[in-house]
Amino acid sequence: MTDGTCTDINDDSDSLSRSRGTSPTPSLTQSVYSYRSSVDGGALLKDLHGRVVNNTTEAYGLPADVLEHGRLDIQHEMLKTARNGLFFAADDVRRALAPRKDSEPQPAVLDIGSGSGLWMVDMAKMFPHADIVGVDLAPANLSKTPPPNCRFECDDVNLGVLHYKDAFDVVQVSCVSQGIANYRKMQDEIVEVLRPGGVFLAVDGDMDLWDENQQLVPLKAEGEPGFTWMSRFVCAIRDAMRARGPGVDDYVKIYDWLQEQGPVWQSTGRERIFTPIGPWKQNMTPKEKYVSELMQRNFCLMVDSARPLLLSYGFFVETVDRWTANVKDEVQNLKHKYHIRWQFEWAVKSGKAS
C-alpha cells in the first residue's frame, strides 16, 4: 500500500489471535493482510537500535522496516537474474500451477518468510489464476498495491504450518533459516501442506565468504596476514545469529534431509550459484556484471541491517561503527575478490497433481 496502511479484513479486535484458526484455503479476492494495521502494528513491530524489527520472536534478528525490505527487493532482483527466473524446477512448478477446472481446487502458492513480498507479486503476475499467500513475522512494505490474487499473513511458522494441510501446490522457503527453530520438522510439515505433485523450493545464502577460486575464505585475526574486515564482519553476524537460535546452520542440511524423507518426494534437485560481490571479474557478461553490482549493493545494505543484531549481541557501538566503515570501504572499492554462494533445493511430492 502506498500510504503504509493495510486493508482491514474484519472488525474483530482479536483478529491476530484468531488468524491461525481460519481456513487455510485462499481465495481470489481483493489483496488483504490478515492483521489490522491500526491494532496489530504495534504488537508486531518494535524499535531496536534505530531500526524496526519484529516483536514476535527473538530468533530472527534482522530488521523488518522499509530499508530492509528495500534491500530484500535488490536481493530478489539479483536472485531472479542469476537463476534466470523466479524458481528452478520450472517445468514442475508450471505443471503444479496449471489452470484447473472450476470444480477442482485452484492452484495456490505459499511463500514462507515472504519479506518484502516482491517474489509473491511476481508470482501473482506470472500465474494470475493462482492464489499467492505469504507468511512472515512482520508486514511487507509494498510501494504499490499488490495483485488481487495476493494475500499476506503475519505468523510465526515455528508454531507449525499444519493448519495449511493439503492447501498448496508450491511452497517456497527463502533466506529465513536463521529464524527457523527446527527446519527438519518444518520440512516434514511442508510435505503435509503440499498437495500431490506439489513442489517445495528452498533458497539460502551461505554464511561464509568464498574467494575468486570459489574456495572458502578462512577467518584471520586482526593484524594477521590475510585478515579482511568483510570476513570478520560475516563471522560476527554468524555468531550473533547462532546465539539467538540453533537453526542458522540448518540450510546446509536441507538436501540431505530431503533424501532422508524418502519416497514422499518423487524427485529432488539442487543448484549452487556463486555471485561476485561487485564487478571485480575480467570480461564479465552484462548479466554477470548486473548480478555482481546488485550483490555489492545488497552486501553494503546488509552491513547496516546487521547493526541491531550485533549491538544486541553485546558488541560495542564503537566496534560496530568501525567494522561498518571498513567493510563498506572494502566492498565499494573492490578490495577483495569474494563471492557469496547461494544454494537452491527443490523437491516434487509424490502423487499426481490435480
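The values are calculated or read from the model by the stated rules, or taken from the named source; none is laboratory data. The model shown is predicted, which means the values in this text are computed figures rather than measured ones. Positions of Cβ are backbone-derived with ideal geometry, glycine not excepted, and every protein chain shown enters the neighbour counts.
Odds and ends about this structure:
- Taking the criterion of being among the acidic types (Asp, Glu) and within 26 Å of Tyr60 (Cβ to Cβ), the only residue of the range 287-305 that qualifies is Asp304.
- Subset tally (residues that are among the polar types (S, T, N, Q) and in contact with a helix residue (DSSP H, G or I) (Cβ under 6 Å, 6 or more places away or on another chain)) for the range 56-94: 2
- Answer residue from the range 309-354, given it is among the small types (Gly, Ala, Ser) and at positive phi and is surrounded by the fewest Cβ atoms within 10 Å (Cβ to Cβ) among those: Gly314
- Pairing each residue of the range 215-239 that is over 16 Å from Val303 (Cβ atoms) and modelled with pLDDT of 95 or more with any residue that is hydroxyl-bearing (Ser, Thr, Tyr) and assigned to a loop (DSSP other than H, G, I, E, B), provided the two are 6+ apart or on different chains, yields C-beta distances under 7 Å for Val217/Tyr338.
- For Met207, the conditions (1) within 22 Å of Ser312 (Cβ to Cβ); (2) outside any loop (DSSP other than H, G, I, E, B); (3) touching a Lys or Arg at 6+ places or on another chain (Cβ under 9 Å) all hold with the exception of (2).
- The lone criterion from (1) part of a helix (DSSP H, G or I); (2) touching a helix residue (DSSP H, G or I) at 6+ places or on another chain (Cβ under 8 Å); (3) under 30 Å from Pro308 (Cβ atoms) left unmet by Cys235 is number (2).
- Check on Ala167, surrounded by 14 or more Cβ atoms within 10 Å (Cβ to Cβ), over 19 Å from the mean Cα position of the chain (by Cα) and of a type in the set (Gly, Ala, Ser): yes
- From the options Arg94, Arg100, residue that is basic (Lys, Arg) and either in contact (Cβ under 8 Å) with a residue 60 or more places away in the chain or surrounded by 22 or more Cβ atoms within 10 Å (Cβ to Cβ) (or both): Arg100
- Considered as a group, the residues in the range 262-285 that are touching a strand residue (DSSP E or B) at 6+ places or on another chain (Cβ under 9 Å) and among the basic types (Lys, Arg) include one that is surrounded by the most Cβ atoms within 10 Å (Cβ to Cβ), and that residue is Arg270.
Listed here are the residues, each with its yes/no results for (1) among the charged types (D, E, K, R); (2) within 30 Å of His336 (Cβ to Cβ); (3) touching a strand residue (DSSP E or B) at 6+ places or on another chain (Cβ under 7 Å); (4) surrounded by fewer than 21 Cβ atoms within 10 Å (Cβ to Cβ).
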{"residue": "Asn149", "(1), (2), (3), (4)": "no, no, yes, no"}
{"residue": "Val161", "(1), (2), (3), (4)": "no, no, no, no"}
{"residue": "Gly179", "(1), (2), (3), (4)": "no, yes, no, no"}
{"residue": "Asn182", "(1), (2), (3), (4)": "no, no, no, yes"}
{"residue": "Val193", "(1), (2), (3), (4)": "no, no, yes, no"}
{"residue": "Val203", "(1), (2), (3), (4)": "no, yes, yes, no"}
{"residue": "Asp211", "(1), (2), (3), (4)": "yes, yes, no, yes"}
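- When residues of the range 122-145 are limited to those that are farther than 19 Å from Asp65 by Cβ and under 16 Å from the mean Cα position of the chain (by Cα), the one surrounded by the most Cβ atoms within 10 Å (Cβ to Cβ): Ile132
- Filtering Asp188, Asp250, Asp211, Asp204 for residues that are at pLDDT 95 or above, charged (D, E, K, R) and within 17 Å of the chain's Cα centre (by Cα) leaves a single hit, Asp204.
- Checking the stated criteria, Ala59 turns out not to satisfy the condition of being among the small types (Gly, Ala, Ser) and under 29 Å from Glu288 (Cα atoms).
- Qualifying residue in the range 239-261 (condition: assigned to a strand (DSSP E or B) and surrounded by 14 or more Cβ atoms within 10 Å (Cβ to Cβ)): no
- Of all the listed residues (Tyr183, Tyr164), the sole one being over 27 Å from Arg322 (Cα atoms) and touching a Leu at 6+ places or on another chain (Cβ under 8 Å) is Tyr164.
- Among (1) touching a Pro at 6+ places or on another chain (Cβ under 7 Å); (2) touching a residue at least 24 places away in the same chain (Cβ under 8 Å); (3) among the basic types (Lys, Arg) - the single one Lys253 does not satisfy: (1)
- Positions within the range 146-174 being of a type outside the set (A, V, I, L, M, F, W, C), under 23 Å from Arg184 (Cα atoms) and assigned to a strand (DSSP E or B), in sequence order: Glu153, Asp169, Gln172, Ser174
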